[in-house]
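A.B. asks: This structure is in structure tokens; I'll ask about it shortly.
Values in this text are rule-based calculations from the coordinates and carry no lab data. From a predicted model like this one, the values you see are computed outputs, not experimental measurements. Glycine also receives a Cβ, built like all others from the backbone with ideal geometry; neighbour counts cover every protein chain displayed.
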Amino acid sequence: MSTSTQTIEELANREYRYGFVTDVEQDSAPRGLNEDIVRLISAKKHEPAWLLEWRLKAYRTWLTMKEPTWANIKYGPIDYQDVIYYAAPKKKPALRSLDEVDPEVRRTFEKLGIPLHEQKLLSGVAVDAVFDSVSVATTFKEKLGELGIIFCSFSEAVQNHPELVRKYLGSVVPYSDNFFATLNSAVFSDGSFAYIPKDVRCPMELSTYFRINAKDTGQFERTLIVAEEGAYVSYLEGCTAPMRDENQLHAAVVELIALDNATIKYSTVQNWYPGDKEGKGGIYNFVTKRGKCLGVDSKITWTQVETGSAITWKYPGCILQGDNSVGEFYSVATTNNYQQADTGTKMIHLGRNTKSTIVSKGISAGHGQNTYRGLVKIAKQARGARNYSQCDSLLIGDRCGAHTFPYLEIKNTTAKVEHEASTSKIGEDQIFYCRQRGLSTEDAVNLIVSGFCREVFRQLPMEFAVEAQKLLSVTLEGSVG
Amino acid sequence: MLTVTNLHVRGGDREILRGIHLSIDAGEVHAIMGPNGSGKSTLARVLAGHPEYEVTEGTVLYDGRDLLAMDPESRAREGVFMAFQYPVEIPGVNNAYFLKAALNALRRHRGQEELDAMEFMSLVRARMQLLAMDETLLTRPVNEGFSGGEKKRNEIFQMAVLEPRLAILDETDSGLDIDALKIVAAGVTAMRTPERAILVVTHYQRLLNYIVPDVVHVLTDGRVVRSGGKELALELEEKGYGWLEADEVAAAATGKA
């Protein structure tokens, strides 16, 4: 094709910036999965008997389940006996202060731009940093504690707030939910826990940063967020991994619970290693995220920017149980080179006058395959439910693909459901127009893509939106055809 | 400023321009007229560096430099501006944001400081008045949902902000009603300076009542068949393009004999 195609191809070869490996002594479980491994993980964490039982039930259920094949993704068989299910930096971080974090691990997070020193934090974000399977540091704990907000690693929550964990764990994503969530339920090692008490508006963004470091290790974290009546919280999640030739498994579960009048905003910028330009290596990202609007007038908003992973399989959903509750899903998913994404949402309307909004933006470049898969279900008793869905696809080049699978199950005649979809290509004319005004091809593509994603980016907290936009431009460099 | 010599251009499998000669000095306004399919828009787009054309022969010098060797953004940064016949929509990108990015790309190239939001807005407000533009156009996405007239006005507004040395107007009059045409023409006329050259591509003489050219060139079938003063446009209006085509056929026949 034209000269601009070549220019863009040349820009393609930028490397993944987070692909370094940290050299720390690891305490790992032997490869493979059996009941002993499940018991070992539970014992390492000094868990109460009920939790071990729950894990074992999950494990036994998992043995009876089959890996799902319905998604529009292709990958070789995963050998679940060849995965290491538990790895932790050896210096046990029983931390009294952040200064006790292993200096190597701390340097890793500094390199990633995640400061673990509270005094260095200016942006007012409290961070829980998870390195391989364990949480290494949580910042601003005391300050949040003054408001009664609990923000800590999942393991700590099990020790210090077992009644809350027991009450809500598995209440949104049961241990038998699906193959990957069930696997997670058996072997999850850590994650974040947040609890916002009644009528408290969390004064800062809560954030978890996940880092996979160890080789051949799966990361199975579990996040649980509970917002009591009238509470508000905005939660951010980020993640990176080293570049490795082997594929690595990531199977996380996130559960959100919003009680009466509570609001939870959950934002993700997913930047796992996507594999190289030939499609070698990269993270297999099989994630179950679900929120329950349990109370009346509650609201859950998922915002995701998915730029990494070789495979993304992810459907953050909302169960709209409380009357007048609101579920929102804003998504940008990008696939370049040989990345594949099958992602979307599930909005389950149970309560009356429940409302959901879905805005999905898929961007495919290179040989990338991008699928939107979304379910809108309006139950029989859900009078006056409303849904609006908008799925837009942007194609860059002619070797990629965009697919849309909307599922609608409407059992109540008063429902109002709207679905809009569009597919467009970045045109040579758009690029030429920008270049004629003095912008480089690269800037032109970034500008057009950011315009395409605008509705989603505006949902993100400011600094996060800037970061997301930068990531997107890195992901798409060299992709226009 | 601009010297086009024996320019031959292919688009697809067809030769569209077949030996164009043209010379424009700073401070001049030249009009290119011609029937549909004569190649006048192709000439404008080739000068701006559109990638769909292939130059097979000839040279274009801009301030003594080889314009054809420069990529489109370098031409723009060196002061070449084209007002598009069909301005392109960029959904979701705010018009002001786009223009600020463009202006700062030009300023960076010239080693000038980038303008901050305040400085940019005061510049923009002044230029908007020139074209009687509604300020809400600034916050709307680039050309999206603009009427035909608004799009054309937006092009000239961009030109007023970017202050090119060589401005090429590709059928800016098409799709404009008479009031909009007057406003656009007044905006362009206000930008006539001794340092700036303007090339107006148009099918109709009408625009030239308001942007009075120094030189008029008539393009037929990929060649300049006649050049003259502003009276030439009026003569064309009266006699139609057929008059010149007949002339050209006669000339060609004479040449053969």
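A.B. asks: Choose one of A:ILE150, A:PHE457, A:ALA310: the residue whose Cα lies farthest towards the positive end of the charge dipole of the protein assembly as shown (beta-carbon charges +1 Lys, Arg; -1 Asp, Glu; about the Cα centre).
C.D. replies: A:ILE150
A.B. asks: When 1/r is averaged over all different Cα pairs and the result inverted, which Kirkwood radius in Å belongs to the stretch B:95-186?
C.D. replies: The answer is 13.8 Å.
A.B. asks: Report the Cα centroid-to-centroid distance between the stretch A:260-285 and the stretch A:286-316 in angstrom, as an integer.
C.D. replies: Distance between centres, Cα-based: 11 Å.
A.B. asks: Taking the beta-carbon count within 10 Å as an exposure proxy, list B:GLU73, A:GLU278 from fewest neighbours to most.
C.D. replies: A:GLU278, B:GLU73
A.B. asks: Another one. Non-local amide H neighbours of A:SER424 (under 5 Å, H modeled in plane, Pro and chain starts lacking H): which ones?
C.D. replies: For A:SER424, whose amide H was placed from the backbone, the distant partners under 5 Å are A:SER393, A:LEU394, A:LEU395.
A.B. asks: Another question about this same structure. Rank these for me by crowding, A:PHE405, A:PHE140, B:PHE98, going from fewest to most other beta carbons within 10 Å.
C.D. replies: So the ranking, lowest neighbour count to highest, is A:PHE405, A:PHE140, B:PHE98.
A.B. asks: While we're here: Quick one: P(r) of chain B from all Cα-Cα pairs, 10 Å bins, percents rounded to integers, in order of increasing distance.
C.D. replies: Reading the bins upward from 0: 7, 30, 36, 21, 6, 1, 0.
A.B. asks: Rg and Dmax of the stretch A:297-371, using alpha carbons, in Å: what are they?
C.D. replies: 14.2, 44
A.B. asks: To continue, here is another question. Quick check: pseudo-label points 7 Å beyond the Cα along Cα→Cβ at B:ASP214 and B:THR139, how many nm apart are they?
C.D. replies: In this crude label model, B:ASP214 to B:THR139 measures out at 4.3 nm.
A.B. asks: Using the Cα atoms as the points, what is the convex hull volume per residue of the protein assembly as shown in Å³?
C.D. replies: Spelled out: Cα convex hull of the protein assembly as shown, divided by residues, is 182 Å³.
A.B. asks: Taking the Cα centre of each part, how many Å lie between the stretch A:375-400 and the stretch B:135-210?
C.D. replies: When both Cα centres are located, 41 Å separates them.
A.B. asks: Still on this model: Among the listed pairs A:LYS66/A:LYS167; A:LYS57/A:LYS167; B:LYS151/B:LYS182; A:LYS280/A:LYS346; A:LYS57/A:LYS314, give every one whose C-alpha distance is greater than 20 Å.
C.D. replies: The pairs that break the limit, which is 20 Å between Cα atoms, are A:LYS66/A:LYS167; A:LYS280/A:LYS346; A:LYS57/A:LYS314.
A.B. asks: Would you work out which of B:LEU181, B:THR193, B:MET118 lies farthest towards the positive end of the dipole of chain B? Charges go on Cβ: Lys and Arg +1, Asp and Glu -1.
C.D. replies: Final value for the positive-end residue is B:MET118.
A.B. asks: Right, here's the next one. Treat every Asp and Glu Cβ in the stretch A:364-429 as -1 and every Lys and Arg Cβ as +1, leave all other atoms uncharged, and give the resulting dipole magnitude about the Cα centre to the nearest 20 debye.
C.D. replies: 640
A.B. asks: Provide the per-residue ³J(HN,Hα) series for the stretch A:328-333, in order, calculated from phi with Karplus coefficients 6.51, -1.76, 1.60 and θ = phi - 60°, each as a whole number of Hz, with x at glycine and proline positions.
C.D. replies: 9, 9, 10, 9, 10, 10
A.B. asks: Take chain B, connect every pair of alpha-carbon atoms lying under 10 Å apart with a spring to form a Gaussian network, then pick out the residue of B:ARG110, B:ARG18, B:ARG140 with the largest mean-square fluctuation.
C.D. replies: B:ARG110
A.B. asks: In which sequence would A:TRP272, A:TRP54 go, from the one with the fewest C-beta neighbours within 10 Å to the one with the most?
C.D. replies: Ordered by Cβ neighbours within 10 Å, fewest first: A:TRP54, A:TRP272.
A.B. asks: When chain B is treated as a GNM, springs tying every alpha-carbon pair under 10 Å, which of B:LEU219, B:LEU17, B:LEU99 comes out with the largest mean-square fluctuation?
C.D. replies: Highest fluctuation of the listed residues: B:LEU99.
A.B. asks: Looking only at B:ILE156, B:ILE168, B:ILE183, which one moves most when chain B is put into a Gaussian network model with springs between Cα atoms under 10 Å?
C.D. replies: Between B:ILE156, B:ILE168, B:ILE183, it is B:ILE183 that shows the largest mean-square fluctuation.
A.B. asks: Using the beta-carbon distance between B:ARG110 and A:ASN412 and R0 = 41 Å, what value does 1/(1 + (r/R0)^6) give for FRET efficiency, to the nearest 0.05?
C.D. replies: After rounding to 0.05, the efficiency reads 0.05.
A.B. asks: Then there is this: Would you mind checking A:LYS265/A:LYS289; A:LYS143/A:LYS289; A:LYS265/A:LYS355; A:LYS141/A:LYS289; A:LYS355/A:LYS416 for any pair whose Cα atoms are more than 20 angstrom apart?
C.D. replies: A:LYS143/A:LYS289; A:LYS141/A:LYS289
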